[in-house]
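Working notes, structure below.
The values are calculated or read from the model by the stated rules, or taken from the named source; none is laboratory data. Just so you know, these numbers come straight off a predicted model, no measurement behind them. Positions of Cβ are generated from backbone atoms using ideal geometry, with glycine treated the same way; all protein chains shown enter the neighbour counts.
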Amino acid sequence: MATLDVFADSYIPEVIIDREKEQETIKYFLQDVLKGVNTVLCIYGKPGVGKTVVTKHVLNQFDELENACSIYLCASHLTPNLALKEIYEVICGEEKRRLPSPLMVREIGRKLLKKRNCTIAITLDNFDKMNGVENFL
């Protein structure tokens, strides 16, 4: 690993110190998601306390489960349509032609119905900075 890799947005440390309670909380939430109990978790706090790193760390473990995957989006750089397009590409594959948002949503739904018992965790980091987030949610 290059020394500067730790500064990349994609970097996730193998061990996170002093965040065991937060990791456990997210793990229990995701266990409930797999049971169909929960659907939304909001993590908030001051900048730099480790929200993103802890969440990515737990989601990496979630991805290792059968019939589960996570989609991480840094929403501060996205519009609702671009976020939907990224979700579409993960679930349905790359767009062959430009689709309007309602068709993307319909195709995502169809694909998920075919993948029975599949759980997808979508993380919108910095969603409060996304322009038009209320339309997306």
**Message:** Pairs please, first residue from the range 31-54 and closer than 27 Å to Glu66 by Cβ, second anywhere and of a type in the set (Ser, Thr, Tyr), Cβ atoms under 8 Å, 6+ apart in sequence or on different chains.
**Reply:** Val33/Thr39; Val33/Thr119; Leu34/Thr119; Ile43/Thr55
**Request:** Find the residue count for the range 63-94, including only residues that are part of a helix (DSSP H, G or I) and either of a type in the set (A, V, I, L, M, F, W, C) or within 12 Å of the chain's Cα centre (by Cα) (or both).
**Result:** 10
**Request:** Would you be able to tell me the number of residues in the range 108-137 that are surrounded by fewer than 16 Cβ atoms within 10 Å (Cβ to Cβ), under 24 Å from Phe62 (Cα atoms) and over 14 Å from the mean Cα position of the chain (by Cα)?
**Result:** 10
**Prompt:** Right, Asn60: assigned to a loop (DSSP other than H, G, I, E, B) and touching a residue at least 40 places away in the same chain (Cβ under 8 Å) or not?
**Reply:** no
**Item:** Cβ pairs under 6 Å, 6+ apart, first in the range 101-123 and more than 18 Å from Tyr72 (Cα to Cα), second at pLDDT below 85
**Value:** Asn117/Asn67
**Item:** Residues located in the range 43-78, provided they are crowded, with 17+ Cβ neighbours inside 10 Å and of a type in the set (S, T, N, Q)
**Value:** Thr52, Thr55, Ser70
**Message:** Looking only at residues that are under 12 Å from Gly50 (Cβ atoms) and assigned to a helix (DSSP H, G or I) in the range 8-24, which one is modelled with the lowest pLDDT?
**Reply:** Gln23
**Request:** Report yes if some residue within the range 117-135 is touching a helix residue (DSSP H, G or I) at 6+ places or on another chain (Cβ under 9 Å), closer than 20 Å to Thr52 by Cα, hydroxyl-bearing (Ser, Thr, Tyr) and in a helix (DSSP H, G or I); otherwise report no.
**Result:** no
